[in-house]
Amino acid sequence: MLARTADNLYWLSRYMERADFLARIVQATQRLASLPIDYSQPGQGTEWESALEASGAAEGFLETGAPVDEEHVVDYLTFSVENPASIRNCIEYARSNARSVRTALTSEMWEAINGAWFELKRFESVNIGRGQFDREELTRFLDFVKKTSLDFDGCAYRTMLRNDAYWFTRLGVYLERADNTARLLDVKYHVLLPESEVVGGSLDYFQWTAILRAVSAHTAYHWVYRQSIKPWLVADLLILKIEMPRSLIACYDNIVYFLDAIGRAYGIQGSSQRHARTVMERLQAASTREIFQSGLHEFITTFVEDNSRLSEAISTQYLVI
Amino acid sequence: MTFVDGSVRVAYERIAKWLADAPKDMLASRQRHAELMFRRIGITFNVYGDKDASERLIPFDIIPRIILRSEWGRLEAGLTQRVNAINRFLADIYHGQEIVKAGILPAGIVESNPYFNKHMIGQKVPHGVYVHIAGIDVVRVDEDDFYVLEDNVRTPSGVSYMLENREVMMRLTPDLFASHRVAPVENYPDALLAALRSVTPTDKHDPVIALLTPGPFNSAYYEHSFLADKLGIELVEGRDLIVEDDTVFMRTTEGPRRVDVLYRRIDDDFIDPEVFNPISMLGVPGLMRAYKAGNITIANAVGTGIADDKAIYTYMPEIIEFYLGEKPLLKNVPTWRCREPDALKYVLENLGDLVVKEVNGSGGYGMLVGPHATAAQIAEFRVKLTEDPSNFIAQPTLSLSTCPTFFESGIGPRHVDLRPFVLSGADGVRIVPGGLTRVALKEGSLVVNSSQGGGTKDTWIVDDNNSNGHHANGTRLQSQSQSQS
């Protein structure tokens, strides 16, 4: 297939996945921010600062000079035109990628993304000029965003031919998802450290559940561990549990699988396949104990770097030839 | 759709009954439904110079335009003849220029023509086919005749509307289809693919075909992606192609892959910055080298523009006779060539009654419709004509046929034209029975261009003898140009 087409498909699904993650972050943060003041994370700035960090938008937001409060952060993460990674822009870019590769999409996928874009325009028209921050409308919008990515993902899964177009689409999903989960862990790692249990006491419970909600794993946790929420188990679930669809290892399980499929179809393996396998092997060999001993923060930082190196490798090997 | 006396033409009998029987709000609700369907599938076009509405729907009318099979048969023969002549003409113009030597075409009209492409002189094209895809705009003005308004032989568009209009109509009015036996058009992509495959420059391997688009911002981008999808070929932009060793390759995830036939939807001026417009970002540097080396077929060929030039158009009857030795089956609209002093004099004296067109204009721009023009517009054209007469032609305002068209306020007659699509391959001409009917939505308006507020209709070619015992061949049909009152 055309390298440009593969590139568009890959980024299209990255943007859709990112929009979903942003919606979840905003919702989880709203929950935390509405707790009594002494429940908040000790000495770590406000919840809205964390939300900006986790979504990689902190620097850009600072430049706007706006106060770090709910109204401004939510606006920056959702409808802002200036923020290149706002939900609005994710959907906008996703559609413009989709428009460039109409022929590589099934009509169902196109209708899902095109329909979402029209709905976005409707939300925008309601949002613009409404002087006042409206939480109910925001909830409707965030639910719509989550539904959209489910819709798009479902259409891709149910209707695409299982060929390289599908594989690049899936790679986009899992690269982005691994990045999102890792960033969330990186921002919140301090509440997952064993010693913070002593410091913060059970108040951190709400931080842990917020993390789980942000990756839609709140219920899954209980099914996997069948016990009350422990910070190291939250980390275990999101890093090493292969049955958890947003864990780092599950993402890499898929990445390796789809890269292998491409390698087999093209009859040649390259640096992407080798790099992905190395990361996967490291995850398979890791244990929560070791990760905590050698430093959760360091582990996550290394992972985020490795993940973006893989993205570059895929680009040079397949997408920008 | 009616006779002078107000009775309904054979072709429209069942439609008239359907319209009469339809509950009052049914048409309105189906019309809205149609619009939703078009919006959802994303069949939009971009309007140049209109930033706010850069993606717009072409208005669609749910009352079909109907042509009897016998009428279509005559039209089909005429279109085949015309396109064959055009292909012969282009081969001649770029080689011996026999038609100029024979004194039929003035030399000046060729050499000074902006669409006469000097890079094509003496250049062979694979299988001798220049125009692989033609969109010939025709109108009916009386019971027997179709007149050709324009030959579009560069990169004609609109075929996606022909196909999508049919799909939408089949979902909205299955009952009408059941009673009409409409000739299918859905095999157009297949016919196009066959035509493109037939003109491959080499028989050493299975041809690889790609569609070259200027990209998502082009007004016809939807159509480009639609066709690439239906044909199962790659939709490429200039940046996806490279030329090495005078051979064209596309950049794929598996490395460079050779392309044999390029169905391009980019104008000549932009296809190769090495030869034409040097600042073009849309084209492919080196494409003309590969073309000259005979390593790629470009469809339509480079330089076909001279054949749909409005000045050349006026000579089409002579062109057909010269190359084929046959009388033209389709008429030209009577045309005054303003380059000729007598004609110019007549045109200037009768500006208020004529349609004046720029020789190289398109899309309904640069055009004066005398009867609907203001005094200021007429004065403006008088100046233009006097300054540069050879840049203009003039035609009488024809009483174009009308077709019933639906509006919120009711049903009324509107003027229509028809663009059938003619495919030419190494193995002959293919025409799918149908075409794009464009309708002028403003009452009395003759301008059907989508960029100027025109709409489209589905076009049905139906069996003559399938309509309540009447036989069209046995019935002297009268003028179609009357309103249906």
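Here are the numbers:
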item	result
Whichever residue in region B:207-245 is under 15 Å from B:P156 (Cα atoms) and assigned to a loop (DSSP other than H, G, I, E, B) and, among such residues, is nearest to the other protein chains (Cβ to nearest Cβ)	B:T213
Count of region A:1-39 residues which are in a helix (DSSP H, G or I) and either within 14 Å of chain B (Cβ to nearest Cβ) or of a type in the set (D, E, K, R) (or both)	16
One residue from B:V139, B:V100, B:V148, B:V83 being among the β-branched types (V, I, T) and over 29 Å from B:I67 (Cβ atoms)	B:V100
Test: A:L35 is over 25 Å from A:E124 (Cα atoms) and surrounded by fewer than 17 Cβ atoms within 10 Å (Cβ to Cβ)	yes
Extreme residue, nearest to B:M120 (Cα to Cα), among residues of region B:291-322 that are within 17 Å of the chain's Cα centre (by Cα) and of a type in the set (A, V, I, L, M, F, W, C)	B:A301
Segments classed as helices (runs of 4 or more DSSP H), wholly inside region A:203-295, with at least 1 members that are crowded, with 17+ Cβ neighbours inside 10 Å and either of a type in the set (G, A, S) or assigned by TED's automatic domain parsing to the domain that holds A:L2 (or both)	A:205-214, A:218-225, A:231-240, A:248-266, A:271-285
Matching residues, region B:364-388, being in contact (Cβ under 8 Å) with a residue 24 or more places away in the chain and assigned to a strand (DSSP E or B)	B:M367, B:V369
Residue in region A:150-165 that is nearest to the other protein chains (Cβ to nearest Cβ), counting only those that are buried (at least 19 other Cβ atoms within 10 Å of the Cβ) and either not charged (D, E, K, R) or not in a helix (DSSP H, G or I) (or both)	A:A165
Residues that are outside any loop (DSSP other than H, G, I, E, B), surrounded by fewer than 19 Cβ atoms within 10 Å (Cβ to Cβ) and modelled with pLDDT under 80, drawn from region B:411-452	B:Q452
Only one of B:I67, B:I109, B:I41 that is at pLDDT below 90 and more than 14 Å from every other protein chain (Cβ to nearest Cβ)	B:I109
Any hit, region B:139-155, residues being part of a helix (DSSP H, G or I) and over 22 Å from the mean Cα position of the chain (by Cα)	no
Identity of the residue in region B:323-354, hydrophobic (A, V, I, L, M, F, W, C) and not in a helix (DSSP H, G or I), that ends up farthest from B:D388 (Cα to Cα)	B:L329
Condition met for B:P189 (within 24 Å of B:A228 (Cα to Cα) and either touching a strand residue (DSSP E or B) at 6+ places or on another chain (Cβ under 9 Å) or in a loop (DSSP other than H, G, I, E, B) (or both))	no
Any hit, region B:185-196, residues being buried (at least 23 other Cβ atoms within 10 Å of the Cβ), among the acidic types (D, E) and within 25 Å of B:I58 (Cβ to Cβ)	no
Sole residue being within 30 Å of B:T200 (Cβ to Cβ), out of contact with any strand residue (DSSP E or B) (no Cβ under 8 Å at 6 or more places or on another chain) and not acidic (D, E), chosen from B:G434, B:G425	B:G425
Subset of region B:159-174 (residues that are in a helix (DSSP H, G or I) and in contact (Cβ under 8 Å) with a residue 60 or more places away in the chain)	B:V159, B:S160, B:Y161, B:M162, B:L163, B:E164, B:N165, B:R166, B:V168, B:M169, B:R171, B:L172
Residues being within 7 Å of chain B (Cβ to nearest Cβ) and of a type in the set (D, E) - total across region A:100-125	1
Unique match (being more than 30 Å from B:T213 (Cα to Cα), in contact (Cβ under 8 Å) with a residue 24 or more places away in the chain and away from every other protein chain (no Cβ under 14 Å)) among A:E82, A:E53	A:E53
Residue satisfying all of: in region B:263-313; in contact with a Pro (Cβ under 7 Å, 6 or more places away or on another chain) and of a type in the set (S, T, Y); surrounded by the fewest Cβ atoms within 10 Å (Cβ to Cβ) among these	B:S280
Members of region A:83-135 found to be among the acidic types (D, E) and within 23 Å of A:I25 (Cβ to Cβ), listed by number	A:E92, A:E119, A:E124, A:D134
Extreme residue, nearest to the other protein chains (Cβ to nearest Cβ), among residues of region B:246-264 that are touching a residue at least 24 places away in the same chain (Cβ under 8 Å), of a type outside the set (V, I, T) and assigned to a loop (DSSP other than H, G, I, E, B)	B:D260
Filter result for the condition that a residue is touching a Gly at 6+ places or on another chain (Cβ under 9 Å), of a type in the set (A, V, I, L, M, F, W, C) and surrounded by 22 or more Cβ atoms within 10 Å (Cβ to Cβ), over A:L52, A:L22	A:L52
Qualifying residue in region A:126-147 (condition: assigned to a helix (DSSP H, G or I), within 14 Å of chain B (Cβ to nearest Cβ) and under 23 Å from the mean Cα position of the chain (by Cα))	no
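Residue-wise test of (1) surrounded by fewer than 23 Cβ atoms within 10 Å (Cβ to Cβ); (2) at pLDDT 95 or above.
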position: B:F217; (1), (2): yes, no
position: B:S225; (1), (2): no, no
position: B:K230; (1), (2): yes, no
position: B:D246; (1), (2): yes, yes
position: B:F249; (1), (2): yes, yes
position: B:G255; (1), (2): yes, no
position: B:V261; (1), (2): no, yes
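One line per residue, one yes/no per condition, for (1) of a type in the set (F, W, Y); (2) farther than 30 Å from B:G455 by Cβ; (3) crowded, with 19+ Cβ neighbours inside 10 Å; (4) not assigned by TED's automatic domain parsing to the domain that holds B:V429:
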| site | (1), (2), (3), (4) |
| --- | --- |
| B:G73 | no, no, no, no |
| B:V83 | no, no, yes, no |
| B:I99 | no, yes, yes, no |
| B:E111 | no, yes, no, no |
| B:Y130 | yes, yes, yes, no |
| B:I136 | no, no, yes, no |
| B:P156 | no, no, yes, no |
| B:S160 | no, no, yes, no |
| B:R181 | no, no, no, no |
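The values are calculated or read from the model by the stated rules, or taken from the named source; none is laboratory data. Please read all numbers here as calculations on a predicted model, not as lab measurements. Positions of Cβ are backbone-derived with ideal geometry, glycine not excepted, and every protein chain shown enters the neighbour counts.
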